[in-house]
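Read through the structure below, which is laid out as structure tokens, and then see the notes.
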Amino acid sequence: MHDFIWFSLLTDKINHQNIHVVMAALVALIITIVIILVHRRLKNTEERLIPNPKGTLVNVFEMAVEKILDLMEGVMGPRAEQFFPLIGTLFIYIFLCNVMGLIPGFLPPTDNVNTNFAMSITVFLYYNYCGIREQGIKNYLKHLMGPLVWLAPLMFVVELVGHCVRPISLSLRLFGNMTGDHLVLGIFSNLTPILVPVIFMALGLFISFIQAFVFTLLSMVYLSLAIAHEEHE
């Protein structure tokens, strides 16, 4: 039996075959609205210099940006800020997509492999583009061939296959974990609708964070490897 979705009350054209597209667009809309609101608040010089002690949307946004940037600097070094727009957006977007599955009547876009593959292929294209831009096409290909000339043909094939598997791995890992989490929450909510679902919702929130963290962490690693300068024989 399919889960109930609120959008089905608006139109019969939204169903479980295309709900992931609608939910992905909804999350993108929410992020866009938040960015606009935060940008307007940051234009206020007084609010920027004297933060509100009660906590505001700006404070939450700034804290999230600071923590993500700190993580990136720990992995990528001083150049982390250069790649923050993509990595930071990925983390926030995936986390909010995951959290949608905890709200009754909504489904997480990340429990559909198509949504995840779109993000994974974006990461794949971006880190290869950055690697080629950083090192040049010739040196980037040498980077895939390894340090030993006599092993270069074999290493090139191995590295090429490894690179092609990366977006598939990213997609399926996120898909599997979020689908499993959503199913477990749904089963226990139907069996014991009082108290017990709260425990699994807390666990789901933790899993939502971890999966967003793992996806972005691997993206940072791939990007760091692509732009790293190595000596080749």
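The values are calculated or read from the model by the stated rules, or taken from the named source; none is laboratory data. Just so we're clear, the structure is a prediction, and the values are computed from it rather than from any experiment. For neighbour counting, all protein chains shown are included, and Cβ atoms are generated from backbone atoms with ideal geometry for every residue, glycine included.
Some notes on this structure:
- Residue match in segment 23-34 (condition: of a type outside the set (S, T, N, Q), modelled with pLDDT of 80 or more, within 17 Å of Phe213 (Cα to Cα) and surrounded by fewer than 16 Cβ atoms within 10 Å (Cβ to Cβ)): no
- Every condition in (1) modelled with pLDDT under 80; (2) closer than 14 Å to Ile92 by Cα holds for Lys54 except the one numbered (2).
- Screening Ser171, Ser208, Ser219 for residues that are at pLDDT 75 or above, farther than 26 Å from Gly105 by Cβ, crowded, with 16+ Cβ neighbours inside 10 Å and not charged (D, E, K, R) leaves exactly one candidate, Ser219.
- Residue match in segment 88-98 (condition: of a type outside the set (S, T, N, Q) and either surrounded by fewer than 16 Cβ atoms within 10 Å (Cβ to Cβ) or not in a helix (DSSP H, G or I) (or both)): no
- Search result, residues across segment 105-125 that are among the aliphatic types (A, V, I, L, M) and either touching a residue at least 40 places away in the same chain (Cβ under 8 Å) or assigned to a loop (DSSP other than H, G, I, E, B) (or both): Leu107, Val113, Met119, Ile121, Val123
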